[in-house]
Structures are given as C-alpha cells and as structure tokens.
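Visitor: Okay, handing you the structure first.
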Amino acid sequence: MFKLNVIQAAFGDCLLLEYGTNSRRFILIDGGPPNVFAMSLRPQLEQIAQASQPIDLVVLSHVDNDHIIGLLDYFVELRVNNNGLPVPAGLWHNSFTAAIDPNGLIAPRLASLNALMTAGVMSTTDLAVQGIGEGASLRTQALALQMPLNAGFPGGLITVDNAPGPVSFDNLELTVVGPTQANLDELQQKWIEWLDTHENDILSGNPFVMANSDASVPNLSSIMLLAKADNRSMLLTGDGRSDHLLDGLEQVGLLDANGAMHVDVLKLPHHGSDRNITKKFFRKVTADTYVASANGKDGNPDLATLIWLVEAAKDMQRQVKIVVTNTTPSVEKLLAEYPPSDYTYSLTVMPAGTNSIAV
C-alpha cells in the first residue's frame, strides 16, 4: 500500500502519505494556510482516528505561512480540545534559527524591522518574521504533547549531511534529499547580504524602496524527501529550489551517470512557481505524474512551468499526467494553447467540494 493523498490546501501544501504492509499508516507533510485544517485536513484526520490508524510522523517542510498554519491548528486542537484526533508519533521540523541562523545574526535584525512592515509594502518580509515565531510555536506545542522532534538526526537538524540514511516506517523508506548543509550556508549568506543591502533603505521608510526590497527576500529552505514503497517512488519537494534538489540527489547518489533520475510522482516545488524550477530540470528529473498544489495566488502554478513540463515530456516522448488541486488561469491557458491532443499529457483537477485527491 502506497499512495499520496493531496489535501485541498488552497494556495498552500498539505499532503498525507499513505502506506503500510498489513494496515494503513500515514505521514502528514505540511498543513496548509489558514482554514485548511478546519475545512480539509480535519475531516481526513477524523477518518484516520475512526479507523484507529496511526500517524507515524508530521513533517513541516519549512516555516512559510501556507505550510505551517494548518499544523499549528492541528497541534493546538490536540492540546486544548482533542476530540479523538490521532496524535502523531514524531515531528520533523527545521527551525529558521537552526537551519538559517545558527549564530543568531539574522533573526534579531529582521525583528527590528518588523514595526515597519505593513500590509502591501513589506508583506513577504513580514511573513518571514512571522514564520520564525510560528516555527517556535509549533516546536513548543510538540514538546507539550511529548512529541519527539527530529529524532535520530545528530544535532537535531534535518539535512542530507545529517541524515543517518534512509529512515524506515513499515514498508515505507524516506530519504532526505534536501537541504544540504552547503545549501543552508548559501542561504544564510544571502540573508546577511540582503540585510546589509536593504536594511538602511527599509529603515528610511520609503514605501517604493521597501517594496523593491521585499521582492528580493531570499527563499527559505525546505526539507525535501524521496519516499519509496512497493516499488514506487515519490519526490516531495516543499518550496525547495530545483538546483538544491539536484544537489541533494547527487550527494545521496541517486542520480545516474547522466545526472538524471525517474520517479513515479513528483510534487512540483513551490506550487509550480517558475522561480524555483527550470526547463532543464524537467529533462533531468522525470516523473509519470506531476502534482501542483495551488489556486492561482501569485500566479501559481506558473504557465512557464507547465509549458516547460509538457514540452519536455513531448520532446522525450513520455506520456505524463498532471494533477492540480484547482483550475487556475494558467491551467486554462495551458489547455487552450498546449492541448493534450497535441502534447503527451493528461490533466486531472481535484473535484470541487472534495477534501483530497489520491495519486
């Protein structure tokens, strides 16, 4: 038994990995933005609880609002008003401090800018600051629930370098393929450079300068996983960058002599944003099924990403399936300008009014 249940998470990510030899077991990866827990995730968890099936692990890929809020809602529910929801056996979560700011050089400087961050002017940077606090809150909730945090990873940081090797859960094998320590070191330097470049401009309070500074905020780093069971494989990428993913796959030794690999399912990084992926990537890492969790917010999934995907598949003479959680303008435009009849893909949209779709 092995499948991916993609939860309706609006513009965020929420995934239930289902596996097991004799009975169904689950790993929850991300919880989506506000309202996803109540509307989509909680009904799934209630079904799991009614069947007395375990959640062996919760993974927070990173601390962005559209991944963590549903998990915070879940953990608070467990502590305050648990009506029989399953209690996860563990949590994997890299805090901003541990992953990006181990020397305490970044968070205090970001916090000092918080008072200047107003909606529509510094929204991205504000979310980064909020994410630091939300990540700490999730950790606090997990500790209160006596939930082991990053168990088995030396130093408590989940990276390719720190991983003890593939981690087994019944018939499932999870391999950490991102981030590498080099990726984190690079991101730490980018945050420091961003602060050095923009801090004084932001403190000036000029809205135009602030907005331009906001657009250049460095990406956060995602825990990325290769899941394998029953002769199937899935790449679960959070909001990771495709170059970081390739770095991790190479370091773990999963790329072939041509620097390529194939999986059954690939969850598109960052909701299909073209800032996190390249056309070349679709020729290096191929899949039978591609999943995009997005609702059009910020243009995701980007039309460029979808075009790169279907062009690469056609050029390589591969029939692929695209699964999306919502119909968006970019999806409609892809169907109109790159019709499945002329390209080698099919497209499935999660039915309206449902909580999830199984892949």
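The values are calculated or read from the model by the stated rules, or taken from the named source; none is laboratory data. Everything numeric in this text was worked out from a predicted model, so none of it was measured. Glycine also receives a Cβ, built like all others from the backbone with ideal geometry; neighbour counts cover every protein chain displayed.
Visitor: Among the helices (runs of 4 or more DSSP H) lying completely within the range 63-113, list those that include at least 1 residues that are at pLDDT 95 or above and farther than 29 Å from Gln189 by Cβ.
Guide: 65-80
Visitor: While we're on this one: Just checking, does the range 78-91 include any residue being more than 16 Å from Leu145 (Cβ to Cβ) and over 23 Å from the mean Cα position of the chain (by Cα)? So that I can check it myself, show each step before the final result.
Guide: Within the range 78-91, the first condition is being more than 16 Å from Leu145 (Cβ to Cβ), and the residues that meet it are none.
For the range 78-91, residues more than 16 Å from Leu145 (Cβ to Cβ) and over 23 Å from the mean Cα position of the chain (by Cα): absent.
Visitor: Also: Looking at Thr289, Thr305 in this structure, which one is in contact with a strand residue (DSSP E or B) (Cβ under 9 Å, 6 or more places away or on another chain), modelled with pLDDT of 95 or more and either part of a loop (DSSP other than H, G, I, E, B) or under 20 Å from Asn5 (Cβ atoms) (or both)? It would help to see each step written out before you state the result.
Guide: Values: Thr305 fails: either part of a loop (DSSP other than H, G, I, E, B) or under 20 Å from Asn5 (Cβ atoms) (or both).
From the options Thr289, Thr305, the qualifying one is Thr289.
Visitor: Residue by residue through the range 347-359, note down the ones that are under 20 Å from Leu266 (Cβ atoms), surrounded by 13 or more Cβ atoms within 10 Å (Cβ to Cβ) and touching a residue at least 60 places away in the same chain (Cβ under 8 Å).
Guide: Filtering the range 347-359 for residues under 20 Å from Leu266 (Cβ atoms) gives 347-350, 356-359.
Retained after the next criterion (residues that are surrounded by 13 or more Cβ atoms within 10 Å (Cβ to Cβ)): 347-350, 356-357, 359.
Listed by number, the residues that qualify are Met350, Ser356, Ile357, Val359.
Visitor: Return the total of residues in the range 315-346 being surrounded by fewer than 18 Cβ atoms within 10 Å (Cβ to Cβ), assigned to a helix (DSSP H, G or I) and either at positive phi or in contact with a strand residue (DSSP E or B) (Cβ under 8 Å, 6 or more places away or on another chain) (or both).
Guide: 1
Visitor: Under the condition of being assigned to a helix (DSSP H, G or I) and in contact with a strand residue (DSSP E or B) (Cβ under 6 Å, 6 or more places away or on another chain), which residue from the range 10-43 is surrounded by the most Cβ atoms within 10 Å (Cβ to Cβ)? Talk me through it step by step, then tell me what you get.
Guide: In the first step, residues of the range 10-43 are kept if they are assigned to a helix (DSSP H, G or I); the result is 36-43.
The next check asks that each one be in contact with a strand residue (DSSP E or B) (Cβ under 6 Å, 6 or more places away or on another chain); those that pass are 40-41.
Working: Ser40: 21, Leu41: 26.
Residue satisfying both the conditions and the ranking: Leu41.
Visitor: Among the listed residues Leu203, Leu195, identify the single one that is at pLDDT below 90, farther than 19 Å from Thr97 by Cα and touching a helix residue (DSSP H, G or I) at 6+ places or on another chain (Cβ under 8 Å).
Guide: Working: Leu195 fails: farther than 19 Å from Thr97 by Cα.
Being at pLDDT below 90, farther than 19 Å from Thr97 by Cα and touching a helix residue (DSSP H, G or I) at 6+ places or on another chain (Cβ under 8 Å) holds for just one of Leu203, Leu195, which is Leu203.
Visitor: Here's a follow-up. Looking at the range 234-276, which of the residues that are of a type in the set (Asp, Glu) and not in a strand (DSSP E or B) is nearest to Val331 (Cα to Cα)? Full working, then the answer.
Guide: Residues of the range 234-276 of a type in the set (Asp, Glu): 239, 243, 247, 250, 256, 264, 274.
Among the residues that remain, those that are also not in a strand (DSSP E or B) are: 239, 243, 247, 250, 256, 274.
Numbers: Asp239: 20, Asp243: 25, Asp247: 30, Glu250: 32, Asp256: 32, Asp274: 14 Å.
Looking at residues that are of a type in the set (Asp, Glu) and not in a strand (DSSP E or B), I get Asp274.
Visitor: Also, I was wondering about something else. Cβ-Cβ below 6 Å, separation at least six or inter-chain, first residue in the range 149-175 and at positive phi, second of a type in the set (Val, Ile, Thr) and crowded, with 17+ Cβ neighbours inside 10 Å: which pairs?
Guide: Asn150/Ile158
Visitor: Same structure, new question: Just one of (1) surrounded by 24 or more Cβ atoms within 10 Å (Cβ to Cβ); (2) out of contact with any Cys (no Cβ under 8 Å at 6 or more places or on another chain); (3) not aromatic (Phe, Trp, Tyr) trips up Ser293, so point out which.
Guide: Unmet condition: (2).
Visitor: Tally up the residues in the range 244-272 that are of a type in the set (Asp, Glu) and in contact (Cβ under 8 Å) with a residue 12 or more places away in the chain, please.
Guide: Filtering the range 244-272 down to residues of a type in the set (Asp, Glu) leaves 247, 250, 256, 264.
Filter once more, keeping what is in contact (Cβ under 8 Å) with a residue 12 or more places away in the chain: 247, 264.
Counting residues in the range 244-272 that are of a type in the set (Asp, Glu) and in contact (Cβ under 8 Å) with a residue 12 or more places away in the chain gives 2.
Visitor: For the range 88-108, give me the residue count where each residue is hydrophobic (A, V, I, L, M, F, W, C), out of contact with any Pro (no Cβ under 9 Å at 6 or more places or on another chain) and either within 26 Å of Thr175 (Cβ to Cβ) or touching a residue at least 60 places away in the same chain (Cβ under 8 Å) (or both).
Guide: Narrowing the range 88-108 to residues hydrophobic (A, V, I, L, M, F, W, C): 89, 91-92, 96, 98-100, 105-107.
From what's left, out of contact with any Pro (no Cβ under 9 Å at 6 or more places or on another chain): 92, 96, 98, 105-107.
Narrowing the set further to residues that are either within 26 Å of Thr175 (Cβ to Cβ) or touching a residue at least 60 places away in the same chain (Cβ under 8 Å) (or both) leaves 92, 96, 98, 105-106.
The qualifying residues number 5.
Visitor: Suppose we filter Leu143, Leu149 for residues that are modelled with pLDDT of 85 or more, within 23 Å of the chain's Cα centre (by Cα) and exposed (fewer than 14 other Cβ atoms within 10 Å of the Cβ); which single one remains? Break it down into steps so the answer makes sense when it comes.
Guide: Numbers: Leu149 fails: exposed (fewer than 14 other Cβ atoms within 10 Å of the Cβ).
Of Leu143, Leu149, the one residue that is modelled with pLDDT of 85 or more, within 23 Å of the chain's Cα centre (by Cα) and exposed (fewer than 14 other Cβ atoms within 10 Å of the Cβ) is Leu143.
Visitor: Looking at Leu138, is it assigned to a strand (DSSP E or B) and crowded, with 20+ Cβ neighbours inside 10 Å? Break it down stepwise before answering.
Guide: Numbers: assigned to a strand (DSSP E or B): no; crowded, with 20+ Cβ neighbours inside 10 Å: yes.
Considered against the rule, which asks whether it is assigned to a strand (DSSP E or B) and crowded, with 20+ Cβ neighbours inside 10 Å, Leu138 comes out as no.
Visitor: Taking the condition surrounded by 23 or more Cβ atoms within 10 Å (Cβ to Cβ), out of contact with any Asp or Glu (no Cβ under 8 Å at 6 or more places or on another chain) and closer than 14 Å to Leu225 by Cβ, does Leu4 pass? Break it down into steps so the answer makes sense when it comes.
Guide: Details: surrounded by 23 or more Cβ atoms within 10 Å (Cβ to Cβ): yes; out of contact with any Asp or Glu (no Cβ under 8 Å at 6 or more places or on another chain): no; closer than 14 Å to Leu225 by Cβ: yes.
Taking the combined requirement at face value, the residue does not satisfy it.
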